[in-house]
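Scroll down for the structure; my scribbles are underneath it.
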Amino acid sequence: MNKKYIDNEGKLWGGKWVIVEDKLIFNPTEEQILAAGYTAVEEEEEEPTEDVLRARALARKLNEVHEYDKSDAVNSFSINGTDMWLDAQTRQQLRISLDACRDAGRETVTKWFNGNEYTFSIEQWYQMLTAVEVYAADALNVTESHLNALKRLATKDEIEAYDITAGYPQKVSF
């Protein structure tokens, strides 16, 4: 409910000033507005249109997709039962490190993640890194398809009912 003020002729108060006892008052209090001869009227707020409701639902759902995409529900894999995630930059740095170790003639590499030590052959590291990279690319494609599909839905109800968790690839486990 919005409160508005009208004078005895039914004219709407302009919202900036009133005259009370020959004094011009800027930014008056409600008491001063009433003293100036205005009457408070409760006005029903307009119901939002279906387009506005759809736009609000879409904004909420798109945000949900982005949050889900950043969550452990999508961004994780496991090594020996320990869940973890390597973002794109870390995966790229790991590949550079593995290339250098291979070029230096090493056969195994030890890396630490989240306080845990992992030692594998360079070939195993490459296989795991490739599997994680493919998983990440596939998961990103699902996220993008959800964003695209949501934008095409016609109603608020369709948007709210849309399952943003569907279709993601099975997480990789080593």
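The values are calculated or read from the model by the stated rules, or taken from the named source; none is laboratory data. Here the structure is a predicted model, which means the values were calculated and not measured. Note: ideal-geometry Cβ built from the backbone for every residue, glycine included; neighbour counts use all protein chains shown.
Here are some notes:
- Selection status of residue 35, under 30 Å from residue 149 (Cβ atoms), small (Gly, Ala, Ser) and modelled with pLDDT of 85 or more: no
- Counting only residues that are of a type outside the set (S, T, N, Q), within 21 Å of residue 2 (Cβ to Cβ) and touching a residue at least 12 places away in the same chain (Cβ under 8 Å), the stretch 36-50 holds 9 of them.
- Among the candidates 57, 73, residue that is among the small types (Gly, Ala, Ser) and part of a loop (DSSP other than H, G, I, E, B): 73
- Within the stretch 51-74, the only residue that satisfies the criterion of being free of Cβ contacts under 8 Å to residues at least 40 places away in the same chain and hydroxyl-bearing (Ser, Thr, Tyr) is 71.
- For the condition under 29 Å from the mean Cα position of the chain (by Cα) and under 30 Å from residue 17 (Cα atoms), residue 64 does not qualify.
- Residue 97 being free of Cβ contacts under 8 Å to residues at least 60 places away in the same chain, in the same structural domain as residue 135 (by TED's automatic domain parsing) and surrounded by 10 or more Cβ atoms within 10 Å (Cβ to Cβ): yes
- One residue stands out in the stretch 152-166 among those that are loosely packed, with under 13 Cβ neighbours inside 10 Å and of a type in the set (A, V, I, L, M, F, W, C): the one that is nearest to residue 101 (Cα to Cα), namely 166.
- Filtered residues of the stretch 38-59 (kept if within 30 Å of residue 146 (Cβ to Cβ) and either at pLDDT below 85 or in contact with a helix residue (DSSP H, G or I) (Cβ under 8 Å, 6 or more places away or on another chain) (or both)): 47, 48, 50, 53, 54, 56, 57, 58
For (1) exposed (fewer than 14 other Cβ atoms within 10 Å of the Cβ); (2) in a helix (DSSP H, G or I); (3) touching a residue at least 24 places away in the same chain (Cβ under 8 Å); (4) assigned by TED's automatic domain parsing to the domain that holds residue 59, each residue gets a yes or a no:
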{"position": "112", "(1), (2), (3), (4)": "yes, no, no, yes"}
{"position": "126", "(1), (2), (3), (4)": "no, yes, yes, yes"}
{"position": "130", "(1), (2), (3), (4)": "yes, yes, no, yes"}
{"position": "141", "(1), (2), (3), (4)": "yes, yes, no, yes"}
{"position": "146", "(1), (2), (3), (4)": "no, yes, yes, yes"}
{"position": "150", "(1), (2), (3), (4)": "no, yes, yes, yes"}
{"position": "168", "(1), (2), (3), (4)": "no, no, yes, no"}
